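> Handing you this structure, nothing more for now.
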Amino acid sequence: MGETPPASPPRSGSCLSDEFSKVALGTCSSPSWSDLPMDVLLLILQRLELPQSLAFASVCKTWRAAAITASVPRSCTPWILSWAHLAQGERPSPVTCNLYHLLDGDKAYGVSFPRGCFNACCGASHGWLILVNELSNLVLYNPFTTRIIPLPPITDFSCVEAVYRSGGSLEGYHLGTGGRVYGSDELGKIFYQKAVLSCSPSKGGDYIVMIIHRDSDWLSFVKAGQRNWQVASSLGVSQKDKYADCAYHDGRFYTVTFDGLVEKWDIDGLNGPTREVVVAARCHVGLILTRHLVPTPWGDLLQVRAIRSDGSPDGIRFQIRKVELNGCKRISYKDLMGHALLLGLNHSACLHTKDFPGLQAQCVYFSVPWMVETSHWIRRSCAWGGVRIYNFECKKFERALPIRYSKSKRFIHVFPTEVWITPNL
């Protein structure tokens, strides 16, 4: 396959808002669009896709107020946010990432983030992004309303210690006991692997953020309004296992490890968080690339695993299991019943193709997540990365979005650089 040149610079959000305003002003004799009634603005928002909604919200204070009232926009297709073009060299501040439509991967929209807010992303749930900022702390960010919710700092974890210069400014962090000093904007890019929200903070509920972090061997959470992280679990070195994914399903968090251990968590226990082993671990040395937990609209919890397969043209295939109290039951892709799966850094989703035109049924839409346990294989693979579609029927991949090359023309695939955004979930 020939080399793909870097994508052309995206149109910025401000350019989109300028275009929106020019069109609007050109169709009305009165320039005072800020006087439109709120109910009219809300009706307009219901008919816009994500990039147009972002532009709408940046036109004026009145339109932004309408956007905040409407919360998150309706989306007829998932969008992919990519920061692959930022993987090399210094990052500007504020940062602009690329937003791609699933059906038009050659067209990029610019989404700018507030200064210091974006250094990496480790999750997307309910239209919110979980970002790593320039101090390696996590923040919740709604790209539509631009609301920011800071989470407890990285120094709240016992394994992280701040290092200060002689003048008192922050130099970086120690991870563990002494040794290397990681830059203040460096540690966060490798410390957090995945984050998931229990519900949308936009609704004012008692949301919980659960994260897989350190080296995919720690599991921690924080509730809305709390000032400290609580470590729920830490896998010992002797266990030689890592957390692969977490999901919120039926009022509980579930986790899965690379060895297939599935646990259900009760965060609100009187004596602290408790866990129940739903599926015992089984070692699959070298075979399992990653696992994902996927809640379905009909109430099941699926485990989808990516497996190395020498017989597959791409060297990879997916299998689906249904998580049950007595273990995992293998099911057919036909049991997806017209649905598609979206896997990656996002809170995994199972979407009906009738509600999301353009999605292919019985397919996996896969953006590469953190794969700490199998990163050695990823580094050797020349066909891994970007966003791909796996068809269960023919057991083949196809490109949904091209791989973005760095200046050295090597794949940017060791660290995740894309996340799915489906705002109305």
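> Using a basic spin-label model with each label point 7 Å from the Cα along Cα→Cβ, how many nm lie between ILE331 and GLN360?
Spacing of the two 7 Å Cα→Cβ label points: 2.2 nm.
> Then there is this: Can you work out the FRET efficiency for the pair ASP156 and ARG64, with r the C-beta to C-beta distance and R0 = 45 Å, to the nearest 0.05?
On the way: r = 33 Å, r/R0 = 0.73.
E between ASP156 and ARG64, to the nearest 0.05, is 0.85.
> Using θ = phi - 60° and the Karplus relation 6.51 cos²θ - 1.76 cosθ + 1.60, list the HN-Hα couplings for region 104-117 in order, rounded to whole Hz, with x at every Gly or Pro.
Calculated HN-Hα couplings, in order: 9, x, 8, 10, 10, 9, x, 10, 8, 10, x, 3, x, 7 Hz.
> A further question on this structure: Among LEU301, MET337, SER348, whose Cα projects farthest towards the positive end of the dipole of region 279-349, with charges put on the beta-carbon of Lys, Arg (+1) and Asp, Glu (-1)?
LEU301
> List every residue whose amide H lies under 5 Å from the amide H of HIS249, counting only residues 5 or more places away in sequence or on a different chain, with H placed 1.01 Å from N in the peptide plane.
Counting only residues 5 or more places away or on other chains, the set is TYR254.
> Go through 94-104, 165-175, 210-220 and give me the packing order, highest mean Cβ count within 10 Å leading.
Details: 94-104: 18.3, 165-175: 12.9, 210-220: 22.9.
Final packing ranking: 210-220, 94-104, 165-175.
> For an R0 of 30 angstrom, estimate the FRET efficiency from the Cβ-Cβ distance between ALA281 and PHE415 and round to the nearest 0.05. The partial results should precede the final answer.
Numbers: r = 27 Å, r/R0 = 0.88.
Calculated value: 0.70.
> What's the FRET efficiency of LEU270 with ARG147 using the Cβ-Cβ distance as r and R₀ = 22 Å, to the nearest 0.05? Spell out each step's value before the answer.
Numbers: r = 33 Å, r/R0 = 1.49.
Efficiency, rounded to the nearest 0.05: 0.10.
> Subtract the Cα-Cα distance of ASP300 and ALA224 from 0.36 nm times their separation in residues, and report this length gain in nm to one decimal. Let's see the in-between values first.
Numbers: separation 76, 0.36 × 76 = 27.36 nm, distance 2.71 nm.
The ASP300-ALA224 span can extend by a further 24.7 nm.
> Between GLY127 and residues 5 or more places away or on another chain, which pairs have amide H atoms under 5 Å apart, with H built 1.01 Å from N, and which residues are they?
Those qualifying (amide H under 5 Å, at least 5 residues apart or on another chain) are THR422, LEU425.
> I would also like to ask the following. Go through LYS194/LYS240; LYS329/LYS354; LYS334/LYS395 and tell me which ones have a Cα-Cα distance over 21 Å in this structure.
Checking Cα-Cα distances, LYS329/LYS354 exceed 21 Å.
> Would you mind computing, in nm to one decimal, how far apart the modelled labels at LYS240 and MET38 are, each placed 7 Å from Cα along Cα→Cβ?
Modelled inter-label distance: 6.1 nm.
> So, with a 1.4 angstrom probe, what is the percent of accessible area on region 75-421 that is carbon and sulfur?
Its accessible area is 47 percent carbon and sulfur atoms.
> Using modelled backbone amide H atoms (1.01 Å from N, in-plane), which distant-in-sequence or interchain residues come within less than 5 Å of LYS322's amide H?
GLN303, LYS329, ARG330, ILE331
> By per-residue mean of other Cβ atoms within 10 Å, what is the highest-first order of 54-61, 190-197, 41-48?
Working: 54-61: 19.5, 190-197: 24.4, 41-48: 15.2.
Top to bottom by mean Cβ count within 10 Å: 190-197, 54-61, 41-48.
> Full-extension gain between HIS174 and ASN391, please, as 0.36 nm times their residue separation minus the C-alpha to C-alpha distance.
73.7 nm
The values are calculated or read from the model by the stated rules, or taken from the named source; none is laboratory data. From a predicted model like this one, the values you see are computed outputs, not experimental measurements. Quick reminder, even Gly has a Cβ in these numbers, built from the backbone with ideal geometry, and neighbours come from all protein chains shown. Ligands, DNA and RNA are excluded from the accessible area calculation, which covers all protein heavy atoms including side chains. Shrake-Rupley method; radii C 1.70, N 1.55, O 1.52, S 1.80 Å.
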